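**Student:** If you scroll down you'll find the structure; I have some questions about it.
What follows draws every value from the coordinates through simple rules; no lab data is involved. What you are looking at is a predicted structure, and each value in this text was computed from that prediction instead of being measured. All Cβ positions, even for glycine, are placed from backbone atoms using ideal geometry, and neighbour counts span all protein chains on display.
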Amino acid sequence: MQQIKQTAEYTIYQKKSGRYAVKAKKQWVKAGDKTKILLAEALITQPRPKPVPEPVAEGETEAPAAS
C-alpha cells in the first residue's frame, strides 16, 4: 500500500487495486466514517442517483394528433 496523505487524526493509503484504506490511531476506519473522510479529501466522488421515470397512469394514452 502506498501512503497518500497523513494528518494528525488519520492516514490514507491507496491499495494496488486502486481502493483506499484509512487508519486512525492503529485502527482501520470502516464504512460511513471512511466515506466521509475520503469525500472531504476529494479522493472519491459521491454517485448521483439515477433519474426516476414518471409512471404513466392507466387510461392515459397518447392520442394521435388530429389534423
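**Student:** Run down 55, 51, 47 and say which single residue is under 16 Å from the mean Cα position of the chain (by Cα) and assigned to a loop (DSSP other than H, G, I, E, B).
**Tutor:** Among 55, 51, 47, only 47 is under 16 Å from the mean Cα position of the chain (by Cα) and assigned to a loop (DSSP other than H, G, I, E, B).
**Student:** Restricting the first residue to segment 13-25 and requiring it to be surrounded by 14 or more Cβ atoms within 10 Å (Cβ to Cβ), which pairs with a second residue that is basic (Lys, Arg) and part of a loop (DSSP other than H, G, I, E, B) meet a Cβ separation below 9 Å and a spacing of at least six or different chains?
**Tutor:** Partner pairs satisfying both residue conditions: 21/15; 22/30.
**Student:** Can you work out which of the residues in segment 26-44 that are of a type in the set (A, V, I, L, M, F, W, C) and in a strand (DSSP E or B) is surrounded by the fewest Cβ atoms within 10 Å (Cβ to Cβ)?
**Tutor:** Restricting to residues being of a type in the set (A, V, I, L, M, F, W, C) and in a strand (DSSP E or B), the top hit is 28.
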